[in-house]
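Each reported figure results from applying straightforward, stated rules to the coordinates on display, with no laboratory input. Since this is a predicted model, take the numbers as computed values, not measurements. Please note: Cβ atoms are built from the backbone with ideal geometry, for glycine as well, and neighbour counts cover all protein chains shown.
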Amino acid sequence: MPELKRLRAEHAPAVLAFELANRAFFAASVTDRGDAYFDRFAEGFDALLAEQETGLCAFHVLLAEDGSVLGRFNLVDIEDGTADLGYRVAEHAAGRGVATATVRKLCRLAVTRYDLRTLRAAAAHENIASRKVLIKAGFVAVGPADPADIGGKHGSWYRRDLVAP
């Protein structure tokens with residue numbers, strides 16, 4: 001059974017393998033990370049861990065039983081009880097409810113572990129799968145997103161008010 005874990009240094013090789021294996025799949029719906037991301041992966045990964053230590057972000061990986069990464073689920077810009085949600089799921093796991101179930105789980109963790117009250121997420125209009133995940137996970141569209149927020153594409157912001165269990 002897949003397990004959601006907070007990002008740690010030992011996840012680096014599996015995260016890199018995930019990003020490389022799914023690069024073309026991701027680029028079809030979100031802005032490609034670019035060659036520099038992969039060329040300087042170790043530096044960027046260390047920077048993520050350092051940023052996470054500040055409490056401004058909380059990065060997670062969804063791990064398969066074999067330790068491979070099925071997805072990445074992140075809370076960024078944590079401030080005043082609010083954070084932005086971002087996620088990506090491996091091509092072979094897409095369309096199976098993995099993203100929806102994990103976003104729901106992260107919403108619960110956002111309340112219990114990170115003391116958050118609201119999550120926001122932006123999705124491009126053409127990223128139908130991501131929009132469906134957000135709606136199924138209890139998010140509602142709240143207005144247009146600036147194209148700068150989603151890789152130059154037109155889209156919408158979604159919001160979910162969280163409730164403590």
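Multiply the residue gap between R6 and A101 by 0.36 nm, knock off their C-alpha separation, and tell me the result in nm, one decimal place.
Gain in length upon complete extension: 32.6 nm.
Charges were assigned to the Cβ only: +1 to each Lys and Arg, -1 to each Asp and Glu. The resulting dipole of the stretch 119-165 about its Cα centre is roughly 180 debye. Reported to the nearest whole Å, the Cα centre-to-centre distance from the stretch 67-84 to the stretch 1-27 is 13. Computed extension gain for T112 through D66, at 0.36 nm per residue and net of the alpha carbon distance, reaches 13.8 nm. If the segment from E51 to A141 were pulled out straight at 0.36 nm per residue, it would be longer than the present Cα-Cα gap by 29.5 nm.
Distance between the pseudo-spin-label points of Y37 and H154 (7 Å out from Cα toward the beta carbon): 2.5 nm.
When you filter the trypsin sites (Lys or Arg not before Pro) in the stretch 73-164 for DSSP loop state and at most 11 other Cβ atoms inside 10 Å of their Cβ, you are left with R96. Each Lys and Arg Cβ is given +1 and each Asp and Glu Cβ -1; about its Cα centre, the chain then shows a dipole of about 820 debye.
Straight Cα distances below 20 angstrom link K132 to the lysines K105, K153, with same-chain residues fewer than 8 positions distant left out.
Highest-first packing order for the peptide set 44-56, 74-86 is 74-86, 44-56, based on the mean count of other beta carbon atoms within 10 Å.
Positive end of the dipole of the chain (Cβ unit charges, origin at the Cα centre): among G81, Y37, A47, the Cα lying farthest that way belongs to G81.
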